[in-house]
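Contents: one structure, followed by commentary.
The values are calculated or read from the model by the stated rules, or taken from the named source; none is laboratory data. Computed from a prediction, not measured in an experiment: that's the story for all the values here. Methodologically, a virtual Cβ is constructed for each residue, glycine included, from the backbone with ideal geometry; neighbour enumeration extends over all protein chains shown. In case anyone asks, the SASA skips ligands and DNA or RNA and just uses the protein heavy atoms, side chains included. Shrake-Rupley method; radii C 1.70, N 1.55, O 1.52, S 1.80 Å.
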Amino acid sequence: MIKAINLTHYYNKDKALENINLEINKGEFVCLIGESGSGKSTLLSNLSTLLKPTSGDIFYEETNYKNIKNIDSFRKENIGFIFQFHYLINYLTIKENIKLANEKASDDDISTFLNSLGINDLKNKYPTEISGGQRQRASIARALINNPKVIFADEPTGNLDSQNSQKVFEMFKDLSKKGTTIIVATHDKNLAQIANKIYEVKDGKINK
Ligand code: ADP
Ligand code: ADP
């Protein structure tokens, strides 16, 4: 579903990724692991269209990223993003934050959806009124409301305790079983064990 061929990324003259080749299938739960500075985030950003490779190619199904004209609508149609810091808007309720991602979603739709994630009781709360773990679940809900085919998450549990981190990864596992492709960058090797596939990034290369 997503394929990188000889992907290389430089920040100015500094090489962050060198000749990465990988292929991720539909419905796979993939973890990119490695130490801080190894290149996980750069790899994830390239695979998710947020950064452009210096050289090499990335394909989404048959489409080369280079040939995507309207990247914004491509992202909207296909991709959900989850970051370490949730980026919920503090002066909007959880429901309003989710509505922002999908203005067509009705209140009923949002309730049904939040119920399935077990956080419907939080919908009228503001992000500052709920716990870090609950905020991260709300931000996952926001990433999912458009039913993306692929979810990219960069250190999604970086500010969560181990119990909430486990819950988030279990949520990813359930989603992948339903056919959503999940790609997560994490420094946490133990959490990563739940994934179908683990790539270890080291000095900008994949160790495998
Ligand atoms: P990780 O996610 O594994 O911590 P990164 O992909 O963030 O690794 O970083 C890989 C390398 O690229 C590091 O040496 C980092 O300092 C460098 N780097 C990351 N982002 C930038 C940037 N925006 N500008 C310059 N160098 C960067
Ligand atoms: P992570 O590894 O969790 O992605 P970092 O703390 O490495 O986060 O980086 C945070 C932000 O700073 C990212 O947007 C990254 O691109 C940027 N960054 C990282 N290293 C550098 C660097 N050497 N120069 C400039 N920006 C950087």
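Observations
- For the chain, accessible area per residue (1.4 Å probe, heavy atoms of protein chains only), Å²: 52 Å²
- Estimated at 0.36 nm per residue, the fully extended path between LYS15 and TYR126 surpasses their Cα-Cα distance by 35.8 nm.
- Scaled to the globular estimate 2.2 N^0.38 Å, the Cα spread of segment 23-63, given as radius of gyration, is 1.25.
- Protein accessible area in segment 108-208, 1.4 Å probe - carbon and sulfur %: 39 percent
- In a DSSP loop and with at most 12 other Cβ atoms within 10 Å, the trypsin sites (Lys or Arg not before Pro) in segment 43-120 are LYS69, LYS104.
- Loop-resident trypsin sites (Lys or Arg not before Pro) (DSSP state other than H, G, I, E or B) in segment 126-156 with no more than 11 further Cβ atoms inside 10 Å of their Cβ are absent.
- Cα centroid separation, segment 100-173 to segment 32-66 (Å): 24 Å
- Each semi-axis of the equivalent ellipsoid for the chain is √(5λ) with λ an eigenvalue of the Cα gyration tensor; in descending order they amount to 29, 19, 15 Å.
- Extension gain, ILE68 to GLN193, is 41.6 nm, computed as 0.36 nm per intervening residue step minus the present C-alpha separation.
- Antiparallel content of DSSP bridges confined to the chain, in %, to 5: 50 percent
- Cα-centre dipole for the chain with unit charges at Cβ (Lys and Arg positive, Asp and Glu negative), debye to 20: 240 debye
- Beyond 28 Å in Cα-Cα separation lie the following of the pairs LYS69/LYS125; LYS15/LYS177; LYS40/LYS66; LYS125/LYS189: LYS69/LYS125; LYS15/LYS177; LYS125/LYS189.
- Only helices enter the 222 nm calculation for the chain: every DSSP H run of n ≥ 4 contributes -39,500 (n - 2.57), and dividing by all residues gives -9500 deg cm²/dmol, rounded to 500.
- Paramagnetic label zone (point 7 Å from Cα along Cα-to-C-beta, LYS76; backbone N under 12 Å) in segment 82-125: 101-104
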